[in-house]
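Worksheet: the structure to be examined is printed underneath.
Rule-based calculations on the coordinates, nothing more; no lab input. Computed from a prediction, not measured in an experiment: that's the story for all the values here. Because the Cβ atoms are built from the backbone with ideal geometry, glycine has one as well, and the counts that use them run over all protein chains shown.
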Amino acid sequence: MVPAAEAEAKILSLLTPLEAPGDTEMVALAAAAGRILAQPVTGGLDMPHWDNSAMDGYAVRHQDVAGASAACPVALAITETIPAGKPPTQPVAPGQAARILTGSMMPEGADTVVMQEVTQRRDNQVLILEAPPPGQFVRHRGSFYRAGQPLIAAGTALGGPELAVLAAAQCPQVPVFRRLRVAIVSTGDELVNPEDPLAPGQIVDSNQYALAALVQAAGAEPVRMGIVPDQPDALAAAIQAARTRADVILSSGGVSVGDFDYVDRILTDLGATLHIRSVAVRPGKPLTVATLPTAAGQPFPVLYFGLPGNPVSALVSFWRFVEPALRKRSGRAEGWQPQFVEAVTQQSLKGGGPREIYLWGRLSPQAENPSRYDFALAGGSHSSGNLVNLAGANALAVVPVGTDMLPQGSVVRVMVVRS
């Protein structure tokens with residue numbers, strides 16, 4: 001059994017990220033959420049585009065108001081009102097002020113904004129009741145970003161803030177990496193689809209749906225290959241078909257030591273290199289990681305993950321080992337590894353043995369200290385076949401190798417699996 005951290009490092013070392021320009025496509029900005037930027041973006045506009053006001057108030061010359069106070073206010077003539085989106089029509093001369101709103105363009109001659117709360121309006125005059133510091137509430141052109149400088153680096157996952165920056169830079173089309181294609185194969189004579197009648201001894205294939213959802217949430221495109229019976233020829237044909245359609249293959253079932261567990265043998269027959277065959281975790285000990293030889297038209301070998309068939313084991317294996325691989329392969333510049341935090345467990349956590357134990361439950365911020373976390377173990381049986389109490393879980397508590405018990409109130413390392 002390969003320790004979890006060693007297995008993670010080995011898997012990530014097998015991967016080459018997507019590359020530009022071969023794996024690049026242009027998409028509209030509105031369709032770019034969640035995509036990975038393939039090339040650095042350089043903007044052609046200063047930000048702000050011009051000097052503007054950060055406050056509702058009055059644009060003034062600082063030298064005119066440097067001595068203002070409530071006891072000795074300075075009276076200025078109001079020349080105009082400058083709404084957002086409209087340029088000023090005249091400069092501010094000595095003894096003058098322009099009414100200005102947040103985001104409005106600064107008029108020529110003015111260098112300071114006095115907020116309206118320290119003024120009094122009298123017809124076409126404004127009384128300044130407090131001396132502002134020079135340049136107060138003025139956002140200067142280019143103070144956030146200078147045109148021609150790097151704006152967003154390649155490998156960045158595009159979320160709301162990044163899309164806002166690209167929109168402000170007037171980038172309606174952006175170069176992103178294509179989505180990874182991940183083939184999903186369910187193996188087992190006992191499996192049936194959810195819409196099929198369930199005969200005695202059969203099991204509904206839940207892994208196909210769970211893994212497809214997780215693949216999609218990771219930003220990749222799931223390619224559902226359906227159920228394959230426990231027949232070597234059928235499994236070999238399914239893997240051959242999947243490798244022509246996908247960058248990564250996920251199969252569930254057939255990787256243990258049973259009489260009908262054919263995955264490792266078929267991969268060997270197909271010329272694959274097997275890198276991992278089991279990992280020191282529970283649930284999820286059976287895990288095959290292999291690379292299939294490069295086929296015609298494929299720049300990189302196809303990475304193969306043979307996951308356990310038990311539903312919880314399959315999901316834990318995905319979260320712990322597959323999702324980081326998809327993140328790196330998709331072209332992300334960083335942030336591939338799983339996210340771990342420390343939390344206080346609200347129940348005792350049972351461990352023991354030569355494997356890391358993963359127990360599922362809910363991670364939440366502490367009410368009295370939101371920067372710290374509590375972990376609440378999901379109720380019911382923590383069996384690798386029990387999907388029911390996995391619903392709603394957002395984290396996995398990790399009981400270290402050789403630890404028999406973590407008492408209630410202990411600090412435990414927790415892997416975040418859903419925000």
**OP:** Quick one: angle between helix 4-13 and the longest Cα principal axis of the chain, in degrees between 0 and 90, rounded to 10, please.
**Re:** 70 degrees
Subject >> Where labels lie 7 Å past Cα in the beta-carbon direction, separation of residue 19 and residue 6 in nm >> reply: 3.1 nm
Original post:
How far is helix 232-243 tilted off the main Cα axis of the chain, in degrees rounded to 10, range 0 to 90?
Top reply: 20 degrees
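Counting other C-beta atoms within 10 Å, which of 15, 315 has the fewest, and how do the rest follow? Display every interim value, and only then the final one.
Values: 15 20, 315 28.
Sorted ascending by nearby Cβ count, the order is 15, 315.
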Subject >> Assigned charges on the beta-carbon of Lys, Arg, Asp, Glu; the chain dipole about Cα centre (debye) >> reply: 360 debye
Original post:
Per residue of the chain, what 222 nm ellipticity follows from adding -39500 (n - 2.57) for every DSSP H run with n ≥ 4, rounded to the nearest 500?
Top reply: -4500 deg cm²/dmol
Original post:
Please identify the trypsin sites (Lys or Arg not before Pro) of the range 315-389 that satisfy two criteria: DSSP loop assignment and at most 13 other Cβ atoms within 10 Å. Which are they?
Top reply: 372
**OP:** Please work out the FRET efficiency for the pair residue 346 and residue 216, using the Cβ-Cβ distance as r and a Förster radius of 22 Å; give the result to the nearest 0.05.
**Re:** 0.10
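Could you work out the local net charge near residue 93, counting Lys and Arg as +1, Asp and Glu as -1, over the other residues with Cβ closer than 11 Å to its Cβ? Before the final figure, lay out the partial values.
Numbers: positive: 61; negative: 64, 108.
With Lys, Arg at +1 and Asp, Glu at -1, the net is -1.
Within the chain, how many lysine pairs that are 8 or more places apart, or on different chains, have C-alpha atoms less than 29 Å apart?
Step by step, the pairs that qualify in the chain add up to 5.
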**OP:** Multiply the residue separation of residue 75 and residue 411 by 0.36 nm, subtract the distance between their alpha-carbon atoms, and state the gained length in nm to one decimal.
**Re:** 114.6 nm
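Kindly put 165, 192 in sequence by how many other C-beta atoms sit within 10 Å of each C-beta, fewest to most. The partial results should precede the final answer.
Details: 165 18, 192 15.
Ranking 165, 192 by Cβ neighbours within 10 Å, fewest first, gives 192, 165.
How would you classify the chain from its alpha-carbon gyration tensor, with a ≥ b ≥ c the square roots of the eigenvalues: rounded for a/c under 1.5, else prolate if a/b is greater than b/c, otherwise oblate?
Working: a/c = 3.52, a/b = 2.19, b/c = 1.61.
Prolate shape, in that a/c is at least 1.5 and a/b is the bigger ratio.
At 0.36 nm per residue, minus the direct Cα-Cα distance, what do residue 202 and residue 376 gain on full extension? Give it in nm, one decimal, please. If you can, show how the numbers build up before the last one.
On the way: separation 174, 0.36 × 174 = 62.64 nm, distance 3.32 nm.
In short, 59.3 nm is gained.
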Original post:
Distance from the Cα centre of the range 281-347 to that of the range 1-79, in angstrom?
Top reply: 32 Å
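R0 = 25 Å: FRET efficiency of residue 241 with residue 195, Cβ-based, nearest 0.05? Intermediate results must be reported in sequence, preceding the final value.
Working: r = 23 Å, r/R0 = 0.91.
Rounded to the nearest 0.05, the efficiency is 0.65.
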Original post:
What is the helix-to-structure angle for 207-217, meaning the angle in degrees between its Cα long axis and the longest Cα principal axis of the chain, kept from 0 to 90 and rounded to the nearest 10?
Top reply: 20 degrees
Original post:
What number comes out for the charge environment of residue 205, summing +1 per Lys or Arg and -1 per Asp or Glu over other residues with Cβ under 13 Å away?
Top reply: -3
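Can you tell me the order of 123-132, 62-71 when each peptide is scored by its average per-residue count of other Cβ atoms within 10 angstrom, highest first? Show your work: numbers first, answer last.
Numbers: 123-132: 16.2, 62-71: 14.3.
Final packing ranking: 123-132, 62-71.
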Original post:
Say R0 is 41 Å: what FRET efficiency, to the nearest 0.05, do residue 401 and residue 108 get from their beta-carbon distance?
Top reply: 0.05
Subject >> About the Cα centre, charge dipole magnitude for the range 52-139 (Lys/Arg +1, Asp/Glu -1 at Cβ), debye >> reply: 100 debye
Original post:
Expressed in nm to one decimal, what extension gain is obtained for the pair residue 294 and residue 419 from 0.36 nm per residue of sequence separation less their Cα-Cα distance?
Top reply: 41.4 nm
**OP:** Please give, to one decimal in nm, the separation of the simple spin-label points placed at residue 209 and residue 33, each 7 Å out from Cα toward the Cβ.
**Re:** 2.5 nm
Original post:
So how far apart, in nm, are the two label points at residue 391 and residue 274 if each is 7 Å from Cα heading toward Cβ?
Top reply: 3.7 nm
Original post:
Of 371, 395, 347, whose Cα points farthest to the positive end of the dipole of the range 339-416 (charges on the beta-carbon: +1 Lys, Arg; -1 Asp, Glu; origin at the Cα centre)?
Top reply: 395
Subject >> Zone residues, the range 77-92, relative to residue 45, backbone N less than 20 Å from point 7 Å out along Cα-to-Cβ >> reply: 83-88
Subject >> Local net charge near residue 342, Cβ-Cβ under 14 Å (Lys/Arg +1, Asp/Glu -1) >> reply: +1
**OP:** Arrange the following residues from fewest to most other Cβ atoms within 10 Å of their Cβ: 162, 221.
**Re:** 221, 162
